[in-house]
1. To the nearest 20 Debye, how big is the dipole of the chain about its Cα centre, given +1 on the beta carbon of each Lys and Arg and -1 on that of each Asp and Glu?
2. Give me Rg over Rh for region 3-122, both radii from the alpha carbons and Rh done the Kirkwood way, two decimal places.
3. Cα gyration tensor of region 42-97, axes a ≥ b ≥ c as square roots of the eigenvalues: rounded (a/c below 1.5), prolate (a/b > b/c) or oblate?
4. Using the count of nearby Cβ atoms within 10 Å as a rough guide to exposure, how do Glu38, Glu99 rank from fewest to most?
5. Most mobile of Phe24, Phe60, Phe48 per a Gaussian network model of the chain (Cα springs, under 10 Å)?
6. Semi-axes of the equivalent ellipsoid for region 75-128, please: Cα gyration tensor eigenvalues, times 5, square-rooted, ordered largest first, whole Å.
7. Determine which residues of region 93-116 fall in the zone a paramagnetic label at Ala33 would reach in this model, i.e. backbone nitrogen under 20 Å from the point 7 Å along Cα→Cβ.
8. Among Thr120, Phe25, Gln47, whose Cα lies farthest out toward the positive end of the dipole of the chain, if unit charges sit on the beta carbon of Lys, Arg (+1) and Asp, Glu (-1)?
Amino acid sequence: MNIKLVRVLFVIAGIYDGVLGLAFFFMPKNIFAWYAVEPPNHVGYVQFPALLLILFAAMFIRIASDPVKNRELIPYGCGLKVAYCGMVFYYQVTSGIPEMWIPFAWADLAFLVLFVLAWTSTGTLVKR
């Protein structure tokens, strides 16, 4: 994966997680209603992870600015994606989970694969 693709990947990841974070922070009840899912008993249970997504979005934009220099941040993004996919797919298989969470897990799985490729690639790139 060349440096330009790595930059584009992390800009897209930043936008994706940033938009999701903002949406779940500012209008979680609307999102749950749209999917016909009962929201948690307190909005803070959704807003805190939403803020974490916004923080990760900022980190992804930082990685995009100089992927080689900021390579050490990529495993944290991988960890985020593993954590989310792992939880969703585990509950999907064991006890069930509302369908609204599954498309996000597949998207994060795709990001995870691409992040690993980006991390591997940036280890061999020479800064120009």
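Quick note: the coordinates plus some simple rules give every number you see, no bench work behind them. Quantities reported herein were computed from a predicted structural model and do not represent experimental measurements. Glycine gets a Cβ as well: all are built from the backbone with ideal geometry, and neighbour counts include every protein chain shown.
1. On the way: 9 positive and 6 negative charges, 129 e Å.
With only Lys, Arg, Asp and Glu charged at Cβ, the dipole is about 620 debye.
2. Working: Rg = 15.0 Å, Rh = 14.9 Å.
Answer for region 3-122: 1.00.
3. Numbers: a/c = 4.58, a/b = 1.66, b/c = 2.76.
Note, shape of region 42-97 comes out oblate.
4. Numbers: Glu38 8, Glu99 11.
Arranged by neighbour count, lowest to highest, Glu38, Glu99 become Glu38, Glu99.
5. Largest GNM mean-square fluctuation: Phe48.
6. Working: eigenvalues 172, 16, 9 Å².
Equivalent ellipsoid of region 75-128: 29, 9, 7 Å, largest first.
7. 99-101
8. Farthest along the dipole direction, towards plus: Thr120.
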